[in-house]
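Worksheet for the structure shown next.
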Amino acid sequence: MAHDFAQENEASRGELRALAASLRDEDLARDLGNGWTVSTVLCHLAFWDRVVLCRIANWQRSGFERVHLAQQTVNAINEAALELSRSVPGREALRMALERAEEIDALVERLSAGLVDQIDASGSVRTLRRYLHRREHLRRITEALGSA
């Protein structure tokens, strides 16, 4: 079933693949500020795509339940994951980001209209529209690499 967001998810995945094809090892280590590098941002993308995938899989098994994470909680999760992502080699971070993007986009494209409606009604826009999160960080990476 094709949903209105599927085309944008696919396009942003293509943007991620194009970036991946152009990245050199030194690009992956490029400092983006505040302790972040290109590699850790790619881990961040992979991590949150996996979180969303797990949430949706749980909803498919047990029924939809609105979950709201306060911004303070999201920030703490990001900080904790950043520490772990520093230990992931750059090429592995890139592989994970690409694979998780493929997985989550394929899953959300196959969702029933009923579950899509429930998720959308909850206000969780980014849950299904992964391109919003992906492009935010791709833009950050390309801007940093452009100033190299």
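Between A113, A97, the distinction of being buried (at least 18 other Cβ atoms within 10 Å of the Cβ), among the aliphatic types (A, V, I, L, M) and farther than 15 Å from Q7 by Cα belongs to A97 only. Scanning region 70-94 for residues that are surrounded by 12 or more Cβ atoms within 10 Å (Cβ to Cβ), of a type in the set (V, I, T) and in a helix (DSSP H, G or I) yields one hit, I77.
Every residue, every condition in (1) under 29 Å from G146 (Cβ atoms); (2) among the aliphatic types (A, V, I, L, M), yes or no:
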position	(1), (2)
L28	yes, yes
L45	yes, yes
R50	yes, no
L53	no, yes
H68	no, no
S85	yes, no
M96	yes, yes
V116	no, yes
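Restricting to region 54-69, name every residue that is part of a helix (DSSP H, G or I) and within 17 Å of the chain's Cα centre (by Cα). Across region 54-69, the qualifying residues are C54, R55, I56, A57. Only one of the numbered conditions (1) more than 20 Å from A144 (Cα to Cα); (2) among the charged types (D, E, K, R); (3) modelled with pLDDT of 95 or more is violated by R17, and that is (1). Of all residues in region 16-53, those satisfying the criterion of being of a type outside the set (A, V, I, L, M, F, W, C), assigned to a helix (DSSP H, G or I), surrounded by 16 or more Cβ atoms within 10 Å (Cβ to Cβ) and under 18 Å from the mean Cα position of the chain (by Cα) are S39, T40, H44, D49. Could you check R91 against (1) modelled with pLDDT under 95; (2) over 29 Å from S112 (Cα atoms); (3) touching a Leu at 6+ places or on another chain (Cβ under 9 Å) and say which number it fails? Of the numbered conditions (1) modelled with pLDDT under 95; (2) over 29 Å from S112 (Cα atoms); (3) touching a Leu at 6+ places or on another chain (Cβ under 9 Å), the odd one out for R91 is (1).
Of all residues in region 123-146, count the ones that are more than 27 Å from T37 (Cα to Cα) and either surrounded by 16 or more Cβ atoms within 10 Å (Cβ to Cβ) or at pLDDT 95 or above (or both). Result for region 123-146: 1. Restricting attention to region 100-110 and to residues that are touching a helix residue (DSSP H, G or I) at 6+ places or on another chain (Cβ under 9 Å) and surrounded by fewer than 18 Cβ atoms within 10 Å (Cβ to Cβ), the residue that is farthest from F64 (Cα to Cα) turns out to be E102.
The values are calculated or read from the model by the stated rules, or taken from the named source; none is laboratory data. Keep in mind that this is a model prediction, so the values were computed, not measured. Reconstructed Cβ throughout: ideal geometry from the backbone, glycine too, with neighbour counts over all protein chains shown.
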